[in-house]
Structure formats: C-alpha cells, structure tokens
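The values are calculated or read from the model by the stated rules, or taken from the named source; none is laboratory data. Note that the structure is predicted; figures quoted are calculated from it, not measured. Here the Cβ positions follow ideal geometry from the backbone for every residue, glycine too, while neighbour counts run over all protein chains shown.
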Amino acid sequence: MKKSFKKVVAILLAVMMIVCSVPLTVFASDDANRANINLQFGDVSCTTTKKTVLKPRSAKMADYLTHSGLNSDKLTYSNGKIDGYATGDFFTVSVLLENVTELSAAEVAIKYSEAIEPAYIIDYKGRGDNVTVAYMYNEVTTEGPHADFPINEAVPSQSGNALYNSTSTLGETSYVDPEARIMHANFAVQTGADSVSLTDSKAVLATFMFKIVNDQPITFSIDNTQSDPYETYTLGTIANGGKVEEYKTYAKVSEADVPALDFMGENEYNGTVGKNYTITFVNADGQQISSAEYKEGTAIVPPSLPATTHDDAQHYTYAWDKEVPATATANGTYTIIKTGAVHTWDAGVVTTEPTTTTTGVKTYTCTFDGCGATRTETLPKVEETHQHTWSEWTYNNDAVYVSKTDYKDGTATRKCNDPNCPEHATETKTIAGTGLLRVNSASVTLGAAVVMNIGIDTVRTTPFKETYVKVEFGSGKYDVTDKSNKTTSSRIYYDFDKVSPDMFGEEVSVTAYAVTEDGIVCKGHAVTTSIKDYAYKTLNKTTNEAMKELLVEMLYYGTAYQNYRNYKVDQPVTDNLTEEQKALHTTDVPEYVKLTNSKFELNPNGTAANDIVVKAANLLLEGKVIPQIKIEIPKTKNIADYTFTWKVNDKVVPFTYTEHPEWFVSTTTNNSDNNAYYVQCTILQANQFSIPFYFTAYKGSISSSNQASNVCQYSVESYATGSVVKNNPVLKALVDQILRYGRADVKYMGGTADL
C-alpha cells in the first residue's frame, strides 16, 4: 500500500526500476567513502531448529534480525543463490544506505525475480505453544493474516528502528508490490527539519521478508526495456564542499540477458573531467551573438534578451526559440525570436482638462509591461453647468481619542465620479461618535475554555446602525460580530475564544468598527491586551482569595500547556508572579477517582436495541478541555435518526447530529461495517472536571423505551488515571494542572461543582 511522503526534499532522479530521491551529505575524500546502496541478507530462524517458527512481533523479532537489520554475517548471497537455503525457506533482505551522514528523503524500488515471493507473519493458533509463523503472502490459511502486519509492508521493527534512532524523526512508508514484483524502501523527515543525522554514516532503509518458491536464480534487477538496457543509473549526491553536479554514485549493471545489480558502489567525479559542449546564441537577424564551450554539467549563462520595443501599432517581445537548459548536456544553438502584438490600451487619464472655452486631452497608455506606447484623444468643451455624480462615502480614519472627554470625531469624504468635472468636486462631513468608537474593556471568563470578553459601552454604539470588533491575534485576523450572552443594557460584549492556554502571554489587538445609517464603515481605535495582562492586573487589585487562587492556577495551566506544546518554554506566563502569589499554587497530586464505565447503566431494551455502542472515552486537548466519547453505529442505520443527551449533575442537554454536526468527528474506516464518531462534550465547565457526566443515545425521542445504547459514565478526572497520561510526564503535568485549575474554580464558585 503506497503512502504519500509528508515531505520529500529536492533531488529526484527518475529511472524505470530504481528510483532515488535522496538529498545527501557524503564524504568526498575517496571512492571508499562515497554514498552507496547495498543489500544485506538475514535468516528468519528462531532459537529452535525450525526455520518457519518465529518469535512474536512484541519481541521485536530479535532472534532472527539484529537491531540494525544488518545480516551479512548470517547469510551469504552469490550467483543467484542464498547459501544453505532451498525452496520453502524464508529469509530477509535489508536495503542498506552506506557512507551517508545526513538524510532528508529516500525512495528505492528494486525488482525481484520469480524465485521468491513476499512473506508475512500470522499467529498460529493450531499449536499448543501458540507460536507465530511466517507464510508466503498468497498461501491460504484458516487463521488469516496478522492484523497489524499487512502483507505488502516492510518489517517495521527493523526498517523503522534503524533510522528512528529512538527520536522518531523519520517516517517509513516501505511496501512490496507483489503484482509488479517490486520492493520499495521509502523514508522522509517528519519534523520539518531539512535532514536528520545518521548513526555510523549508514541506515537500513527497510527490511523485507521473502519465501523461496522454486530453484530458479534469486535475482534483484532493474528494468531492461529501455533503449539502452545497460545504461548506468545514478543516485545523486552532494559532497562536502562540492556541488551536486560534481559527484555521482552508480549501481553497476552487468551485461547479461537480465541486468542485475551487484549493489557495490562505483563513483565518478565530474568537477575536472567530462565532455565539453558547444553552446551558440544567435539574434533575430541571424547574426551570431556568442559561441563558447561548456564543460558537461556546468551552468549555461545565456546573453540578455533585448528590451521590449514598439511602434504606433504594435509592441515587440523577444524569446529564445527553445528553452535554454540550466547546465550543459549536449551541443546546442539558440536563436532569438521577435514577436509582435497589437497594443492593449488602459482606461486613459485626462492630461489636459477641458473648459467651457477650450478642448482637453486624454492620454491612453499600453498596458503591456515594458511597452510604453501612448495615444491621445481630444475631449470636448464642457457645458456651462455640470451635474455631479457622487461616489460612495469613504471614512478617512482621522478620529482622535485622548480620553472620554478629550476627543475629535472623524470625517468621511466623497467625490464626483465624472472625469470631466471642471471642479473635481469633493464633499466631506463629520461622522458623529467616531471619536469615542473604541473598546471599553477586555475581561476573561474562566471555564473549560478561557474566553476573552470584549466590551463596548452602549452609549458609544447608539450613533450607529451596527457595531462589531476585529481581532488580530498571532497570525490570524478575526471578525467578531456575535454578541455574548453577557451583554447588558449598558454594555455590549463580544466573546473571543481563539486564545489557547499556551498563548496566554500573546498580545490581542482589538479594534471597534461601526456602520452608519447610510452605510459608511468607520474604524475605531485599537486596544491591545492579553490574558496574562488581565490575570496580573486582577491579581494585584482583588481582595478575593479564591479569585486569586483561581487566577494563579489558570496561569500555571498556561505554563503547563506551553511545556506540552513546546511553545516559548523560556517565557512562562507565570514568570512575573510574586513569591506570595506563587504560594497560592497547589503542587500536590491527589489520588484520582476513575469513573470510566461504558456500561454504567445497561440498556433496558436489551442488546438487540443497542444500535449505538460506546467504544472508548478520552480528552481533546487543543486549546480547550473537551471530553469525547467514541461510538460506533452500523452503516445500515442513519445517525440523524437518533437523539443524544449529555447529563451533568441534574442538567440534561439533548442534541442531534443535524443540530450540532460540529460535535461529531468521524473516524470511520473504509473497510469497517460501522460508522465511527467521536462525540464531543462542549458543555462541561472547569468546576465540573472531577464530577461524573453521562452519555446516552435514543432512537427518535427521549424515552426509556427508545433507549438505543447503554449509559456511559466518564469524567475529566478519569482521563488522568489512564496509562496514556501516566506514561507521558509532560502530558501528566498538564492534566494534573488542568484538574488543579478545575478544583480552584470549584472553590471560587463557593464549593459547588456547577455554574
């Protein structure tokens, strides 16, 4: 199964049966240190004498492959045979890249002969010792293939670990195409870096398993259908201090009926040797401009083409009769072609205004880049009277704000659209209220999501038909038009929920906008703030100890999220807390209560009515704390026919897929009989992190007779008891702090776990 590289970097040399796309850094001192591709052969035997009995994959196949995948000390390949092996035996082939210090991406495709077929591993259940057995990919068995090892993929415990070096910096997409009889070894850097360093200047690109199916020669070959089947194919390399065109690494090809690779490196340096080619340039009149010899592979610098010229009717452009190659690979002559095209005129500008007594002049310019041709036409005298055709009003953004008692309203301007207007008339008027058009406040709502509440006094919005705000944050720009449910008679609030905890310290720029009755859009004054600024200002002025503790735990939540996201960890949002404020932070980690139970209450209708099955529960930590329940429903049923409920304390929130499709995240796979979804619980508040909530599905309306699933019980605190959290120190630190933040919110709300 072929997969796409997330990142493939630069040099791509396409050949028929060996394809290499490998930006490399290699040693340039001698042939022995040039880049090379080699094949290594290994056995598939366990510690027992039976060659087809294997260790389970959980043991990482350590008994028949070394950790690096290099097996030349075990098996020897020569003259189309693997010494000591015959029909029915299994063996491995490792594709080794040698003398390479850095790797960005690689793809190697090698064709194998009909003497062998790809193999895979299945669990052999027919024996009492329950061992794992290797089979050829097309052998029929009653057990079926191993679920985690499709037949067309390389051995992952070898091909992966050889390059990963425990840092997981490369992604492996190796596979076997049994129909084309090709094994592909593919890798690409996954971290965004240009390359990754390789241990000992070598790497196993992939390891594959095969079974010998007849006594014909075992060969690995390139395609022999090209015009020159013995042409040498190259793996492009970059030598230290050299250029990419100066070095080539070859896989030698034998001149036999079926070209075969011996996979031993042979190199050539082209920096000082190679063919010379004559490159000639000729102008449009047939006169030679220049002719020079270029060494093979060196860059060709063509002479400059003439600039664009014109006459009254046309402009003329120049180009080479064929594309000039970047480097010299053959003799060539390149001739300038002159091409004419009719002028394309712009809308024109008035260069002499007409009056009531004299005519005017309008000048048109050709729009073709570099032409410069112009033409003129006469404008008639204007009439004694002129009727203006006005443009739309445009706000001049010239309001001044010093304070609420010291300000100046801005203005809007319109002009006459008639280019023959003798007055070039314009009108300007003052837009009342623009001097005070600005945001009054920016507060924060502390919940499962930390939301910024942007407030504008209603007295500042009454002069206008409509008001809204624009927010610039990070690299994004947002129009916020929906009013918050916190809006009062004296102030309008807009909610901005795009600030994730790791971004608490980032500036948020908020600008008020208003639209007048006649449609003029007016820009107000910008205000800059941040979640961190709000927290520190509130800490320094509030006397509410519970509020202080909540704000401190919120800031430590932000720092934990910075560490989790590896974002500005040297600038934690807690860096300005006083020692007294830091003392409010709780460092203890209590024993968490695990409330996970997918069958908390059984479906009273019995299993036959369990259309929807709860499979798992976890948290989504992407700037907000969102619990999610994984469900499955048969593809023969329509999820839109069901009603779902979240229950927190005594509050029941019903919802459907039609009403809230954004709460359902599909995880369905093509080969599954069921549709799978993560259903997200977005109603939970921070002070409810440690209490249970419940999920139930109904066919149609909500009633016990319509119940279509068991009741699932879960809590945010339950997530902290799982192995995923316990085995990840950074994630555990984040989850611990989320729960401290939730307990602080409970305390702030007066000890109640509800809003």
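If I filter the range 412-435 for residues that are farther than 27 Å from G519 by Cβ, assigned by TED's automatic domain parsing to the domain that holds K470, of a type outside the set (K, R) and in a strand (DSSP E or B), do I get at least one hit? Looking through the range 412-435, none of the residues is farther than 27 Å from G519 by Cβ, assigned by TED's automatic domain parsing to the domain that holds K470, of a type outside the set (K, R) and in a strand (DSSP E or B).
One line per residue, one yes/no per condition, for (1) surrounded by fewer than 18 Cβ atoms within 10 Å (Cβ to Cβ); (2) more than 22 Å from Q685 (Cα to Cα); (3) under 32 Å from the mean Cα position of the chain (by Cα):
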| residue | (1), (2), (3) |
| --- | --- |
| V614 | no, yes, yes |
| I626 | no, no, yes |
| F644 | no, no, no |
| K651 | yes, no, no |
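Go through the range 566-576 and report how many residues are in contact (Cβ under 8 Å) with a residue 12 or more places away in the chain and either surrounded by fewer than 12 Cβ atoms within 10 Å (Cβ to Cβ) or closer than 20 Å to G742 by Cβ (or both). Of the residues in the range 566-576, 3 are in contact (Cβ under 8 Å) with a residue 12 or more places away in the chain and either surrounded by fewer than 12 Cβ atoms within 10 Å (Cβ to Cβ) or closer than 20 Å to G742 by Cβ (or both). Taking T355 and the conditions (1) in contact (Cβ under 8 Å) with a residue 40 or more places away in the chain; (2) outside the structural domain of E517 (by TED's automatic domain parsing); (3) surrounded by 13 or more Cβ atoms within 10 Å (Cβ to Cβ), which numbered condition does it fall short on, given that it satisfies the others? So T355 meets the others, but not (3).
Screening the candidates T317, T363 for the property of being in a strand (DSSP E or B), within 26 Å of I289 (Cα to Cα) and not assigned by TED's automatic domain parsing to the domain that holds D418 yields one hit, T317.
In the set (1) under 47 Å from the mean Cα position of the chain (by Cα); (2) modelled with pLDDT of 90 or more; (3) more than 30 Å from E296 (Cα to Cα), D369 fails one condition alone, (2).
For beta carbons closer than 9 Å, sequence separation of 6+ or different chains, a first residue in the range 661-675 that is surrounded by 10 or more Cβ atoms within 10 Å (Cβ to Cβ) and a second that is assigned to a helix (DSSP H, G or I), the qualifying pairs are F664/I639; N675/I639.
Of the candidates Q713, Q737, the single residue that is in contact (Cβ under 8 Å) with a residue 60 or more places away in the chain, in contact with a strand residue (DSSP E or B) (Cβ under 9 Å, 6 or more places away or on another chain) and either surrounded by 18 or more Cβ atoms within 10 Å (Cβ to Cβ) or not assigned by TED's automatic domain parsing to the domain that holds E662 (or both) is Q713. Of the residues examined, G340 is not one that is in a loop (DSSP other than H, G, I, E, B) and within 30 Å of T309 (Cβ to Cβ). Please verify whether the range 391-402 includes one or more residues that are part of a loop (DSSP other than H, G, I, E, B) and more than 46 Å from the chain's Cα centre (by Cα). No, the conditions are met nowhere in the range 391-402. Assess whether Y592 counts as being in contact with a helix residue (DSSP H, G or I) (Cβ under 9 Å, 6 or more places away or on another chain), assigned to a helix (DSSP H, G or I) and not aliphatic (A, V, I, L, M). Against the criterion (in contact with a helix residue (DSSP H, G or I) (Cβ under 9 Å, 6 or more places away or on another chain), assigned to a helix (DSSP H, G or I) and not aliphatic (A, V, I, L, M)), Y592 does not qualify. I need a count of the residues in the range 438-452 that are without any contact (Cβ under 8 Å) to a residue 60 or more places away in the chain and within 37 Å of the chain's Cα centre (by Cα). The total comes to 3.
Q685 falls short on exactly one of the conditions (1) in contact with a Phe, Trp or Tyr (Cβ under 8 Å, 6 or more places away or on another chain); (2) buried (at least 18 other Cβ atoms within 10 Å of the Cβ), and that condition is (1).
Inspect all residues belonging to the range 334-353 and state whether any of them is of a type in the set (K, R) and over 30 Å from E293 (Cα atoms).
No, there is no match, as no residue in the range 334-353 is of a type in the set (K, R) and over 30 Å from E293 (Cα atoms).
Each residue in the range 613-639 was checked for being out of contact with any strand residue (DSSP E or B) (no Cβ under 7 Å at 6 or more places or on another chain) and either in contact (Cβ under 8 Å) with a residue 24 or more places away in the chain or not hydroxyl-bearing (S, T, Y) (or both), and 6 pass.
Residues in the range 601-612 that are of a type in the set (S, T, N, Q) and surrounded by fewer than 18 Cβ atoms within 10 Å (Cβ to Cβ) were compared, and the one that is nearest to Y694 (Cα to Cα) is N610. Just to be sure, is P325 without any contact (Cβ under 8 Å) to a residue 24 or more places away in the chain, more than 30 Å from H386 (Cα to Cα) and in a loop (DSSP other than H, G, I, E, B)? Criteria not met by P325.
In the range 639-755, counting only helices (runs of 4 or more DSSP H) that sit wholly within it, the ones holding 1 or more residues that are farther than 23 Å from N563 by Cα span 729-748. As a summary of the residue check, P627 satisfies the conditions (1) farther than 19 Å from A535 by Cβ; (2) touching an Asp or Glu at 6+ places or on another chain (Cβ under 7 Å) except for the one numbered (2).
For the range 582-591, the criterion of being more than 10 Å from N710 (Cβ to Cβ), among the charged types (D, E, K, R) and without any contact (Cβ under 8 Å) to a residue 12 or more places away in the chain is satisfied by at least one residue.
Just one of the numbered conditions (1) loosely packed, with under 12 Cβ neighbours inside 10 Å; (2) at pLDDT 90 or above is not true of N396: (1). None of T462, T487, T481 is in the same structural domain as E507 (by TED's automatic domain parsing), hydroxyl-bearing (S, T, Y) and in contact (Cβ under 8 Å) with a residue 24 or more places away in the chain except T462. Taking the range 438-476, which residues are outside any strand (DSSP E or B) and either of a type in the set (D, E, K, R) or touching a Cys at 6+ places or on another chain (Cβ under 8 Å) (or both)? Those that are outside any strand (DSSP E or B) and either of a type in the set (D, E, K, R) or touching a Cys at 6+ places or on another chain (Cβ under 8 Å) (or both): R460, F464, K465. Inclusion of V324 among residues that are closer than 30 Å to T376 by Cβ and among the aliphatic types (A, V, I, L, M) is not warranted.
For every residue, the table says whether it meets (1) over 35 Å from the mean Cα position of the chain (by Cα); (2) surrounded by fewer than 19 Cβ atoms within 10 Å (Cβ to Cβ); (3) aliphatic (A, V, I, L, M).
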{"site": "I454", "(1), (2), (3)": "no, no, yes"}
{"site": "R460", "(1), (2), (3)": "yes, no, no"}
{"site": "G476", "(1), (2), (3)": "no, yes, no"}
{"site": "T487", "(1), (2), (3)": "yes, yes, no"}
{"site": "S500", "(1), (2), (3)": "no, no, no"}
